[in-house]
1. Taking H placed 1.01 Å from N in the peptide plane, check which residues at least 5 places from Leu39 or on another chain put their amide H under 5 Å from its amide H.
2. What list of ³J(HN,Hα) values in whole Hz, one per residue of segment 287-299 in order, does the Karplus curve 6.51 cos²θ - 1.76 cosθ + 1.60 (θ = phi - 60°) give from phi, with Gly and Pro shown as x?
3. In the Gaussian network model of the chain, springs joining C-alpha atoms below 10 Å, which of Asp284, Asp255, Asp323 carries the largest mean-square fluctuation?
4. Can you compute 3J(HN,Hα) from phi for each residue in segment 339-345, using the Karplus curve 6.51 cos²θ - 1.76 cosθ + 1.60 with θ = phi - 60°, rounded to whole Hz and x for Gly and Pro?
5. Pairs of lysine in the chain with Cα under 23 Å and at least 8 positions apart or on different chains: total?
6. Please compute the per residue accessible area over segment 166-220 with all protein chains in place, 1.4 Å probe, rounded to a whole number of Å².
7. Between Asp304 and Ala219, what FRET efficiency follows from the Cβ-Cβ distance if R0 is 25 Å, with the result rounded to 0.05?
8. Find the relative contact order for segment 144-229 and round it to a whole percent, using C-alpha pairs within less than 8 Å whose residues are 6+ positions apart.
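The values are calculated or read from the model by the stated rules, or taken from the named source; none is laboratory data. Since the structure is predicted, the reported quantities are computational estimates derived from the model, not experimental observations. Here Cβ is always computed from backbone atoms with ideal geometry, including for glycine, and neighbour counts include all displayed protein chains. Please note that ligands, DNA and RNA were not included when accessible areas were found on the heavy atoms of the full protein model with its side chains. Shrake-Rupley method; radii C 1.70, N 1.55, O 1.52, S 1.80 Å.
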Amino acid sequence: MSVLVDVIAGARPNFMKIAPILHAMRSRRDAGGPLRWRLVHTGQHYDPRMSGEFFDQLGIPAPDVNLEVGSGTQAEQTAGIMVGYETLLLQQRSACCLVVGDVTSTMACAITAQKLHVPVAHVEAGIRSGDWTMPEEINRLATDAVTNWFFTTSEHANANLRRAGVDEARLFFVGNTMIDTLLANMARLRAPDVVQQHGLQSGGYFVTTLHRPANVDSAESFGRLLRAIGDGCRGLPVVFPVHPRTAKTLRALPDFPANLLLVDPQPYLEFNWLVKHAKGVITDSGGITEETTVMGVPCLTLRDNTERPETVELGTNELIGTDPAKLAPALARLFDGQWKQGQVPPLWDGRTGERIVATLEQLLA
């Protein structure tokens, strides 16, 4: 007897997290396992550069359903996803709704499923920044409030959930599916065109990604931050894949440092090639700090908090804050060879997807 699991994906970070789960489900199905999946793409990220290429590169099958919610405010996207997913569940109910990460699609589908009494499994449950100004933090809190089974990446996440009163029997410390994807594709990473175009050398450039409102929504403060990055990197090229949110503010700037190389959002294999060979990464993303930790690349996070403290305590990441003046001293330590080496957190070993699917079989079969 087969058991149908809805696997939800809506935005770029989700695709890297679902790939190992789908690969493990396929392997178990071929070996006679009971789980079947329905891949539901909400359409939250609708730009082919932000989704389509990831499906191709990571071997993710075409979605069974695309809710095509498209652009809009967070409330509009949430409403569109909830209406679309509710309609789907009423047409054909699944045995479980599996959501990953902390994007709008994660929260909207979890709530919709639970209201229809479909149990929810949350991959990457329990991570917390403590910063309620971040939409992702609200999504995490709301999702975990209606989750049945919590798949976690770290002991920090486990501790957060225990403090919230989650019973130990519903906690499953499995590791990190983002790292499954990274390790599975390490040998396939390939240089993007910008490397040849600008003669980039391994260890001779930086990568930066910026998209959080506190950093990019004000042209004046964003300009100061970019100047600090340009100056602090001492003339080395800084490859800057520009997020759509960031592009809007960039257009309002009179100028920016000459060593900033603005490029389109990069496909998975090309972006991680850039990260692997960079002298360092300057970012306000959370997921990238996990990848830099595993690849041993110095990472400077332009935030005052992180939902992934293991990347700071164990890994190569350091919280610099949002004050541009703090960047130069940190980069000076990096240039002086004083950056920490770091180590890989427990269970970030490439087998998380297998552990999740094995647990789901026990819970649902």
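1. Amide H neighbours of Leu39: Val7, Asp64, Val65.
2. After applying 6.51 cos²θ - 1.76 cosθ + 1.60, I find x, 4, 5, 6, 5, 5, 4, 5, 8, x, 9, x, 10 Hz.
3. Its mean-square fluctuation being the largest, the pick is Asp255.
4. Calculated HN-Hα couplings, in order: 7, 5, 6, x, 8, 8, x Hz.
5. Pairs that pass both the separation and distance tests number 5.
6. So segment 166-220 comes to 47 Å² accessible per residue, rounded to a whole number.
7. For Asp304 and Ala219, the calculated efficiency is 0.75.
8. 19 percent
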